[in-house]
Structure formats: structure tokens, C-alpha cells
Amino acid sequence: MQQYLRLKEKHPEEILFFRLGDFYEMFYDDAIKASPILEVVLTQRQSVPMCGIPYHAAATYVAKILKAGLSVAIAEQMEDPKKTKGMVKREVVRVITPGTLVESELLPARANNFLVAIEALASGKAGLGRWALAAADISTGQQWLGEEEKDVQWNALRAQLAALNPSEILLVGDTVKVMGDVFGKLSNVRLEPLPPQASNPRDHVVKAIQQFLKRHHTHLEKSLGAPEPLPTTAAGTLFLSEAAIRHLELVEPLDPLDPGPTLLSLLDRTPTPMGGRLMRWWLLHPSTEKQVIAERHEQVEGFLQHPDLRETLRQLLKQVSDIERISIRAQANLVSPRELGALRHSLSELPKIKTLLKSLTERTLIESYAGFDLGSPGALMQALNTQLALELPAKLDEGGVISDGISQELDELRALRRGGKQWIAELEAKERERTGIGSLKVGYNDVFGYYLEVSKSNLSKVPPEWIRKQTLANGERYITPDLKEQEEKLLNAEERILELEKKLFGDLVHEVAAFGPTLADIAGAVARVDVLASLAEAAAQYHWVRPAIEDSIELSIKQGRHPVVEKQLGRGRFIPNDMALGEGTQILIITGPNMAGKSTYLRQAALIVIMAQMGSFVPAESAVIGWVDKIFTRIGATDRLSKGESTFMVEMREVASLLVNSTPRSLLILDEVGRGTSTYDGISIAWAVVEHLTKMPMGPRTLFATHYFELTQLTDRLFGVANAHATAKEWPGPDGQRHVVFLYQIRPGPADRSYGLHVAEMAGVPEACVKRAREILGQLESGNHKLNAVSPSKEKGTGQLDLFGEHPVVEELRRLDVDGLTPIEALNKLAEMKEKLS
């Protein structure tokens, strides 16, 4: 317990898994805290609370601790108990937090697991901030670094966090104080404050990650590559705002309680985990470089035109394991025998993939296929092929990992073991014949070793030189000097075999780790090929076309479709629409009824741009896209009441961000701006936003859906503003009433009406309520904004004042000169008003 307490003192915040034989034990407060999380029994020994878990199942229990927002310190036995006199030495070999995971069973296979360090500094101006950010995926060795000098309301940082989706954030220096509201909105993310580590923010955040990893005993800081510029803080990457990533449902559904398909789930057909991670990365970081985009489109088209080669490639890729993460686990000395076997098999498939790409190059004349560096490292393949056994166990302790012919001593010991077991089998046959005990058998257990077992009915036949070792209910167990001598040879051989295998396997793992950079390059090339073939597979299935990317500001889409909605409806049922923005039309104001397709129209335009610039084909008849540098959205209404933010505050934050940060090459998606406040305030704000966008020098391309019909007048007042509307038709129904049919077509010009009351009917609003709404609408449309009260209900005998106007009695009371009335006149007037109300 003194040993335990010494280790616990160094790790007060972590749950300490203390190795005792085949269990990890927890004591004191750790046991009290962990037992309900791990769902294990809390017990006591000498008044000390304790609980334990089997060491071989530790990963399952570590996952539960991390999910509860805690971290784990692993204390291992550093000596062999069989060879140690006195207490075994123990040390904490690793601290596991959400951001330092490398275990495959604890990681999302098709997404990165980022540990992020941030330092934020307040600038002198209100609303502006400066920050530096480093992100490292310990499981893949990737590291990114970026900073922003003038970030308005931390919008660029919010976008980075939305794209990276970190599992753990290190907050350096005064970051929490400077921008605590940002982190208050993050859920399921572990936050840890740290002091500054160096002389400036860029150095601080990189140093913070390095020091954090060293303190956590992972030794993986050495496997991280040089930091690359973080996308969207460097030129060449399309910026997606936090709201755009969320509203467009790129990787996660908007409603976690009602999860549906996302754009990622539609695009991702990758057989390899590396390809899945890269697909997600390209989707969240589309390119703005025409050459990069064109090369991806060309390669996708090559795969698309040759489905036979594409299918062969996909079958080969299914044989490739997660090379990237296996390499990292080798560098951490945490790799298993079967993982090295999977690496061996994966590398053996690379020559076949390379041959296929060569064939594709010859067919398509696309030379860029030859640029994929898929050369299998010969020396590593030689080592894996010669040293690893063909059939591999899940764990090193099970033995049988190293091939014969690698170590002379190992071969001799294995021969001795085989000979010893043969000797024991022969002993059993010989003793049966000598003693006449037909049921005699030689057995083994960890307590007594090898023994001869005889049933009670045959005890009289036992030779006198046998030594009784154990009495059973149905017989006796015996040993002989020869049997014990052979047992000692066998057990010594087994022990030495395991020692040699562990050493030889460790040497092989070290050799694999040395190929880390090469394996990272191979994994990157495999991932890229996988993504391109996957995009071609999706394009073939859904009949997408290759878009044209230009330097103009044109955005012209013919017969565009929303890819996810079309998938849900089924081919042929989605109504496509054209869209054109550019020199003549900067802003398109879209009016029309609810449920008629306005929001889908807006979203599909943004999705088509993102798909095109990530390298995908797009759901349209044709598309010409003047490349976009930023996409901002203002869609839907979401309260953050727990953070003190109303719907309107959230809306205005997003509007402020897009107005300040957009450029002439940006695309803005605005849906119902201003609806979070009163009608007149909302119209005023929406009107002013449109005016502001047109006054910007070469303002951003904008799609603006609204129910404020007043905004349709702007086409006569502002250059570059055009109207469009979602169409609907009224048809007579069998009940004599007119019914609305939504056509889901976007046509030029403003809408003539909203059909809101028809939507209310469709939603099941009571008929009497809808009828009254028609009456009120008629009064409003006639210019009468002082609405009449609802007639009192004779059945109930009480009147109810109309919420939209004053009752005539109230108006009479306002005009009444109370001070000039005599008491009798006041009583008469009261009786008169009572009569009116009844």
C-alpha cells in the first residue's frame, strides 16, 4: 500500500490502475469513484475500499473511465514475480487521456482523434482576438499549426474546432479568461488549463503538446511530423464557418436525437480506415486551388470511365489494414502480433495496386496516377515475411509468434519442448501397459505441474515407487522422479521460449518503427487512391457530373439536386432546379411558401460547391463554379438558453460574422434572417443586410430566402438583386375546398402569396383556428391593422378578448371621463358595459 500511495501521490487527478498479478486494482477514493463507472463491485480489505478488473480486458474499462470525463494512469509490474524476491517493483508506464489514445479498440476508425492546444490573446479592439492553435492526432502522427491575428468574435477559431472536432483541448496561459464563452459551448471535450511554455503563442501551443505527451509517458512526441499549416488559416483551402458545417449536415446530423444521412455518409465508400479519414478531411477542407481540384476531378473521371479497374482496386483495398495507426502503435511499442501480420498482408497487396494504377494510366493517359508512391519497402517486407510466423496469436504471451530458423536457441528449445511432450505421451502409454491401469492418464495444472492420475478402482495396481501428491474424490494423483525431471526441462524451455520470442518480437517492432516515415507516405498514398475511387463510385451510382472550376465569380448550376435529399427520396423523384449567380446577379431573394423547397434549394447550392472543390463530381446536369473562398450560413433558429443566448442572439452573431468576414469570392446562404425578433425589427434588419451586401465592393454571392415580401421591392432599388420564388398551385379538392400542391420548382420573380394557412391546415391546426386566421389575414391585407375582437361565445357565456386588438368596451373605457361622472352615472355606465360584455 505504501508503494501504491507513492504512485498515487504523483497522479492525484487520474484513476490509478495498479497491477497486481492478473488484475488492475483501485483503492481508496479511486475505487469509490470508479466502481459505479466500471460497474464492478466495491469491496474492502482491512477497511480499505477497493475494486479490480482483469488486466487483459483493460481497454473496455479504460473507455468507460474516459467517457466519464476522467483519465487513467497505468501502473505495471516492472519485474517477473517468479524471479523476484520480495515486493515487485511497479511504475506508472502511461497516462491515458482522450487525446492520447492509440488503441484501435478505443478510437473511431474513420475519423481523426485530435489533441488541440490553444492560446488566445485579447486584442485592443472590441470583438477582435488573436490566437494560435496546434493540433496533433497521436494515433496517426499528423500535426498541424495555425494562427489568426484579427479573428472577429473568435469565428475562425470556432470553425477550426468544428472541423477538427477535438477530443481534448489544452488551454494555454490566459485562454480561458480571454475566451471562456467559446469553450463553455463545447460538450464531451476534456479541457485542461496549462501555463505558457515558451516565448510566443505559436511556440507555446507546440511546446504544450510536446510537454503534455512527455508527462503522459507515451513517447509518441517523437513520432509526430513537422507541423503543417492548418487549413483555412492558410491560402488554398475553402473556409467553412462553424454554422455552415453544422447547418449543412456535412459530417453529423443537425438533430442528434433523430440522426439521418449526412453528405459524408453519402460520399464515403472507402474500404480502408485511412481513406475514410481522408474523405472526411477533404470534405471539411475543400481546396481553392484550381490545379489541385482539376487533378482530383481528372483522376475521379479516370476511375469512373473504367469500372472494371475500379472494382478490382476496391477489392484489393479491402485487404489493406490501417497501416498508419499500426505504424504508430509500433513506435509506441503497443503493437500486437496480429497487427504486424495485418501490416505484412497489407504491404503484400501494394504491388498489385501499383500494377493496376499503371494499367489505368495506360488506358486514360492520366499521368498523375503514377505519382502515388506505393512502393513496398523491401527490407521491411523481408523482415516481416521471414521473422513472423504464418499463424499469429492475438497476444504475445500466447507464444508462436516468431518463425523457425530465426534463432538457433529458440529452435533447439522448441525441439526440446516437442521432445518433452512426446516423452510424456510415451510415458502415459508405457505406464498403462506396465501397470495394467487402462484409465491412467498424465495431466497438468499450474499448482502441481505434471502428474499421473489413477481412479479409486485401480489404486491397488499403483507401483510402490510412485509418490502420492493429491487425493481426489474419485482417485489419486502421483508423481515420479523422472516425470518431475522432465517437467522441469519442459517448464524451463517454455519460459525461455517466451523470453526469446518477446525479445525477438521487440527487435522486429523496433525495425518496423524505424520505417515510420515511409509507412506514413504509403498510408497517405493508399488513402488518396481510396478516396478518389470512392468518389467515382458515388458519381457512378448517383449519376453526378464533372463540374467546371473557373476564376470568374460565376456560379451557374443547371438542374441541380440536393444529394442527400435525392438519396432519401429515390432516383427520379427529386425536382431539380437551375441557379445562376455572378456578374449580373449578386443576390437572389427567394420567396414562397413553407415546405415548397426554398431551404433545400439554398443548401444544395452550398453542397454542390463544397463537393466540387473537394474533388467530387456533383448532382447536376452541368455546373460552372467560380471558385469560392468561404461559405457562411444563417439557417434555422436555435436557442442556447443555458448559455444566455436567445434565438435572435445566435442569429445576429452568425450574421455579424458573415458580414465582416465575407469577400467577393464568398458564398452566403441566408434563410429567414430577422425572424427571431418582431416583424418590423426583422424586416428592417433583413433589408439593411441586403443593402450592406450590395454596397460592399464586389459583394459576395448570396442566396437569401425570406417570408418578408417587402424585400422583393429591393430589385427595383439595388443593382445586382433579383427575385425568385418557390412555386405552388391551388387545386379544387373533392370536398369543395381548394388545396395547395407544392411544385418544388424555383422560378424567376417574387411569390404572389405564402400559403401559410394551407400549411397550418396540413399540419393539423383545428379548422376553427384556421378560419379565424383567414379573417384576420383578410383584415390585414385590406390595410386594417386595428383588428376586431373575436365575437363572444354564446355557448360558454363568457367573452374572450382578441389578442390582436382591443375590445370595444376597452376603447370606451379609455375615452371615458371618470372624474366627471357622478356616482349614479358611473353605476349606470358600468351596467351598460356589463350588458355589452354579456
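A few points about this structure:
- Chymotrypsin sites (Phe, Trp or Tyr not before Pro) restricted to DSSP loop in the stretch 424-481 with at most 13 other C-beta within 10 Å: Phe448
- Residue-normalised accessible area of the stretch 226-289, expressed per residue, 1.4 Å probe, Å²: 36 Å²
- Legend: calculated FRET efficiency, Asn492 to Asn188, from the Cβ-Cβ distance at R0 = 60 Å, rounded to 0.05, equals 0.70.
- Distance in nm between pseudo-label sites at Val88 and Ala370 (7 Å out along the Cβ direction from Cα): 5.9 nm
- DSSP beta bridges in the stretch 429-507 [antiparallel fraction, %, rounded to 5]: 100 percent
- Residue-level accessible surface for Asp578, protein heavy atoms, 1.4 Å, Å²: 70 Å²
- Contact order normalised by residue count of the stretch 30-185, Cα under 8 Å, 6+ apart, percent: 16 percent
- Ligands, DNA and RNA excluded, the heavy atoms of Lys395 present near 90 Å² of accessible surface to a 1.4 Å solvent probe.
- Expressed to the nearest 5 percent, the antiparallel share of DSSP beta bridges inside the chain is 65 percent.
- For the stretch 34-183, the share of accessible area belonging to carbon and sulfur comes to 52 percent (1.4 Å probe, ligands and nucleic acids excluded).
- To the nearest ten degrees, helix 378-387 and the longest principal axis of the Cα atoms of the chain are 50 degrees apart.
- Compared with the dominant Cα axis of the chain, that is its longest principal axis, helix 823-837 is turned about 60°.
- FRET efficiency for Val152 and Gln779, using Cβ-Cβ distance with R0 set to 56 Å, rounded to 0.05: 0.80
- Largest to smallest accessible area among Val442, Val529 [probe 1.4 Å]: Val442, Val529
- Per residue, the accessible area of the stretch 454-597 comes to 46 Å² when a 1.4 Å probe rolls over the protein heavy atoms.
- Cα-derived Rg to Rh of the chain, Kirkwood definition: 1.12
- Within the stretch 477-578, the percentage of alpha carbon pairs spaced more than 24 angstrom apart rounds to 65%.
- Straight-line cross-link reach from Lys558 at under 13 Å between alpha-carbon atoms covers these aspartates and glutamates, not counting any fewer than eight positions away in the same chain: Asp578, Glu621.
- Pairs beyond 27 Å (Cα-Cα), from Lys150/Lys630; Lys354/Lys503; Lys222/Lys503: Lys354/Lys503
- Bridge orientation summary for the stretch 502-651: considering DSSP beta bridges with both residues in this region, about 75 percent are antiparallel.
- Set of lysines near Lys469 by C-alpha distance (under 23 Å), chain-local residues within fewer than 8 positions excluded: Lys82, Lys421, Lys430, Lys441, Lys456, Lys461, Lys484, Lys489
- Simple label model, 7 Å out from Cα along Cβ direction - Leu334 to Leu816, nm: 8.1 nm
- Each of the peptides 426-435, 292-301 was scored by the mean count of other Cβ atoms within 10 Å over its residues; in descending order, highest first, they stand as 292-301, 426-435.
- Gain on full stretching of the segment that runs from Ala109 to Asp482 - 0.36 nm per residue minus C-alpha separation: 128.9 nm
- Evaluated with a Cβ-only charge set (Lys, Arg +1; Asp, Glu -1), the chain carries a dipole of roughly 920 debye about its Cα centre, given to the nearest 20.
- Estimated from helices alone, the mean residue ellipticity of the chain at 222 nm is -13500 deg cm²/dmol (sum of -39500 (n - 2.57) over DSSP H runs with n ≥ 4, per residue).
- Tilt relative to the chain, helix 408-435 - C-alpha long axis, 0 to 90 degrees, to 10: 60 degrees
- Neighbourhood net charge (14 Å Cβ-Cβ; Lys/Arg +1, Asp/Glu -1) for Val565: +4
- Gain on full extension, evaluated as 0.36 nm per residue between Glu311 and Lys771 minus their Cα-Cα distance, stands at 159.6 nm.
- Fully extending the segment from Lys469 to His219, taken as 0.36 nm per residue of separation minus the present Cα-Cα distance, adds 85.0 nm.
- Spin-label model, Ile424/Asn200: points 7 Å from Cα along the beta carbon direction are separated by 6.9 nm.
The values are calculated or read from the model by the stated rules, or taken from the named source; none is laboratory data. Here the structure is a predicted model, which means the values were calculated and not measured. So basically every Cβ, Gly included, is an ideal-geometry build from the backbone, and we count neighbours across all protein chains shown. Remember, those area values only see protein heavy atoms, side chains included, never the ligands or the DNA or RNA. Shrake-Rupley method; radii C 1.70, N 1.55, O 1.52, S 1.80 Å.
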